[in-house]
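Take a look at the structure set out below.
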Amino acid sequence: FISQMKVDGNDPAIDDPNKFIGKRYSAEDAEKMVSKYGWKLKEQEPGEWRRVVPSPTPLYIFNGRSIKHLVEFGTIVIAGGGGGIPAYNKPDGTLDGLDGVIDKDMTAALLGRVLKAEELFIVTDVDNIYINFNTPQQKPIYHASADEVIQWLENGEFGEGSMAPKIRAAIYFLKYHGQKVVITSLDKIEDAINDKAGTIITNKGNE
């Protein structure tokens, strides 16, 4: 189900592209891409340059009601792939596409709000979320409240290019109808469904 996402045409993120996409280039080849296509590139790792595009916040799923209708009739719907296609309304009211990327986890949270879903599973490349990640004090989190993860997010515990967007999506989902968010890896998904793996985030934590 190809999903078109409405964004704000004045979203500050549009003028601050920071989402890495595509292949890696040397500094020399990066300059060629800028000259040839007008792309914006940033150095992601020393000596490795990649294209960056805007990642505005999704505000509305144009076909959300259709998805909800199908789900209510028992259909298994695959939607929001890759975050969806960003589009915005121009001053004259017409719709225009945007050369950017929508965060897929926030799209999932927004779709969960539309569906009034109770649970959201975010599948990533780690089994749990961690605080003090990649330090000797690294600690896996198995249960947490929304307030706790909000505080950790504000304290800079989660990387902007990795876990922070997932945490924001979890917070949004729990704010609107959601009861539980599970963050885990694909290998642990079966155990996570049975509350035996992953990080479980709820509004009240492990009470």
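The values are calculated or read from the model by the stated rules, or taken from the named source; none is laboratory data. All values reported here derive from a predicted model rather than from experimental measurement. All Cβ positions, glycine included, derive from the backbone under ideal geometry; neighbour counts span all protein chains shown. Note: areas computed on protein heavy atoms with side chains; ligands, DNA, RNA excluded. Shrake-Rupley method; radii C 1.70, N 1.55, O 1.52, S 1.80 Å.
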Quiz item: Only one of these conditions is not met by Phe121: (1) in a strand (DSSP E or B); (2) buried (at least 19 other Cβ atoms within 10 Å of the Cβ). Which number is it?
Solution: (2)
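For region 61-76, what are the residues that are hydroxyl-bearing (Ser, Thr, Tyr) and more than 14 Å from Ile2 (Cα to Cα)?
Residues of region 61-76 that are hydroxyl-bearing (Ser, Thr, Tyr), as a first pass: 66, 75.
Matches in region 61-76: Thr75 only.
Within 30 Å of Val34 (Cα to Cα), in contact with an Asp or Glu (Cβ under 6 Å, 6 or more places away or on another chain) and open to solvent by less than 40 Å² (accessible area, probe 1.4 Å): does that describe Gly83? Steps first, please.
Values: within 30 Å of Val34 (Cα to Cα): yes; in contact with an Asp or Glu (Cβ under 6 Å, 6 or more places away or on another chain): yes; open to solvent by less than 40 Å² (accessible area, probe 1.4 Å): yes.
Yes: the conditions hold for Gly83.
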Practice problem: Would you please list the contacts, defined by Cβ atoms under 7 Å and residues six or more apart or on different chains, that run from a residue in region 64-83 that is without any contact (Cβ under 8 Å) to a residue 60 or more places away in the chain to a residue that is open to solvent by 60 Å² or more (accessible area, probe 1.4 Å)? | Solution: Gly82/Lys104
Quiz item: Checking Ser162 against (1) surrounded by fewer than 16 Cβ atoms within 10 Å (Cβ to Cβ); (2) small (Gly, Ala, Ser); (3) over 27 Å from Leu59 (Cβ atoms), which single condition isn't satisfied?
Solution: (3)
Quiz item: Can you tell me which of Val181, Val126 is surrounded by fewer than 19 Cβ atoms within 10 Å (Cβ to Cβ) and of a type in the set (A, V, I, L, M, F, W, C)?
Solution: Val126
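Rundown of residues vs (1) in contact (Cβ under 8 Å) with a residue 60 or more places away in the chain; (2) touching a Leu at 6+ places or on another chain (Cβ under 8 Å), yes/no style:
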residue: Leu98; (1), (2): yes, no
residue: Lys104; (1), (2): no, no
residue: Leu120; (1), (2): yes, no
residue: Pro140; (1), (2): no, no
residue: Gly156; (1), (2): no, no
residue: Arg168; (1), (2): yes, yes
